[in-house]
1. Can you tell me which residue in the stretch 268-284 is surrounded by the fewest Cβ atoms within 10 Å (Cβ to Cβ), limited to those that are in a loop (DSSP other than H, G, I, E, B) and touching a residue at least 40 places away in the same chain (Cβ under 8 Å)?
2. For Ser299, all conditions in the list (1) hydroxyl-bearing (Ser, Thr, Tyr); (2) farther than 20 Å from Thr227 by Cα; (3) at pLDDT below 95 hold save one; what is the number of the exception?
3. State whether the residues of the stretch 94-111 include one that is part of a helix (DSSP H, G or I), in contact with a strand residue (DSSP E or B) (Cβ under 9 Å, 6 or more places away or on another chain) and either modelled with pLDDT of 90 or more or not aromatic (Phe, Trp, Tyr) (or both).
4. May I ask you to say which residue of Gly238, Gly251 is among the small types (Gly, Ala, Ser), at pLDDT below 95 and either touching a helix residue (DSSP H, G or I) at 6+ places or on another chain (Cβ under 6 Å) or part of a loop (DSSP other than H, G, I, E, B) (or both)?
5. Quick check on my filter: what residues within the stretch 212-235 are aliphatic (A, V, I, L, M), buried (at least 17 other Cβ atoms within 10 Å of the Cβ) and outside any helix (DSSP H, G or I)?
6. Taking the options Met231, Met265, name whichever one is over 20 Å from the mean Cα position of the chain (by Cα) and among the aliphatic types (A, V, I, L, M).
7. What number of residues within the stretch 145-175 satisfy the criterion of being closer than 23 Å to Cys289 by Cβ and in contact with a strand residue (DSSP E or B) (Cβ under 7 Å, 6 or more places away or on another chain)?
8. Can you name the residue in the stretch 151-189 that is buried (at least 19 other Cβ atoms within 10 Å of the Cβ) and of a type in the set (D, E, K, R) and is also farthest from Ile252 (Cα to Cα) among such residues?
Amino acid sequence: MAGMSSEAEEKIEPPDEFLDEVFVRADEVDDLAILDIELEEKMAARALDKRISSSGGGGEEPKAAWEIDLSKLRIRHGAPVKHGFRGSLFRADYEGHDVAVKLLDWGKDGFSTPEQIAHLRASLWDSTAKPPPDTACCVVVEYLTGGTLKSHLIKHMERKLTYKDAVHFALSMARGLSYLHSRKIVHRDVKTENMLLDGELNLKIADFGVARIEAVDPREMTGVTGTPGYMAPEVLVGEPYNRKCDVYSFGICLWEIYCCEMPFMDLSFTDASSAVVHKDLRPEIPRCCPRDMALIMRSCWDANPAERPEMEEVVQMLEAVDMKKGRGMVPLGEPTGCFCFSLKRRGS
């Protein structure tokens, strides 16, 4: 209103029917491409505030299903520590379990009690030179000793994987992504480096740093998110996208698992991305690859997202693979060997 002061505008409250809704002012968001992330953070903070308020400030606060008892968390002093863009990673024990602890910052909308902050600082004081901030929190996950799927494939670049092992890894990844998509979660950074293995080579999907709830309207998802070489064409050019971007990335991973090679190694990220979009570049499927496996690869990395199968369908396709009739990538140097190259267009 023309005569209303800025102070009066600050006091405007939403109608009663919207009191339980969460709002984010667009003019307070520096990058509209992460508006969905800002909204999700607001929703989490609102839920936490309600839970703390409901406790009345007295006695022990009720814990949500995802909360842990920090008093039972023991950071391993002297354990390897990794510092990343989004936080620091530590190794710890929690109720007899070997776990990884990622220290994060809630930000301005988060809340950690003084007791929680004190415990984190006491646990980490000799593990990191930088003390946790007042809005610190931590994510505790199972510590997996098998490393990444990518490192496992690199170890097998010469001898390759058996066809049975290749299908096993692919099926594990497909089932995990299918579950995520059934919960309306889009990972957005599917790659072999984000697949972790335990000591018995069971695969688990990791690194949900850029994952988000799938938008009802694909036009709300246009941010260029992911890793070059695995990103779908529609993501590379900033077009609206949905969960099918994960399906494309899975197709690249499937080729990588079968061939034990890295995609587009002989091209720069810029050249590879441009060729994927404008020249329909895809990794070349070797001649020794079984027909049903090759079909899954091609269908997943189709340039048209609508033509790609759902991950649930991919699971069914992989379950139907006849491993008796197929064989793995033949090791280099053997007379019947075949080779993987990255410079062939899809369908050629």
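1. Ranking the candidates gives Lys279 first.
2. Of the numbered conditions (1) hydroxyl-bearing (Ser, Thr, Tyr); (2) farther than 20 Å from Thr227 by Cα; (3) at pLDDT below 95, the odd one out for Ser299 is (3).
3. Quick first cut of the stretch 94-111, residues part of a helix (DSSP H, G or I) only: none.
No - not one qualifying residue is present in the stretch 94-111.
4. Details: Gly251 fails: at pLDDT below 95.
On inspection, the qualifying residue turns out to be Gly238.
5. Going through the stretch 212-235, the residues aliphatic (A, V, I, L, M) turn out to be 213, 215-216, 221, 224, 231-232, 235.
Then keep just the ones that are buried (at least 17 other Cβ atoms within 10 Å of the Cβ); that gives 221, 231-232, 235.
Within the stretch 212-235, Met221, Met231, Ala232 qualify.
6. Values: Met231 fails: over 20 Å from the mean Cα position of the chain (by Cα).
Criteria check complete, one pass: Met265.
7. 5
8. Across the stretch 151-189, the extreme among qualifying residues is Lys160.
The values are calculated or read from the model by the stated rules, or taken from the named source; none is laboratory data. Note that the structure is predicted; figures quoted are calculated from it, not measured. As a convention, Cβ positions derive from the backbone with ideal geometry for all residues, glycine included, and neighbour counts pool all protein chains shown.
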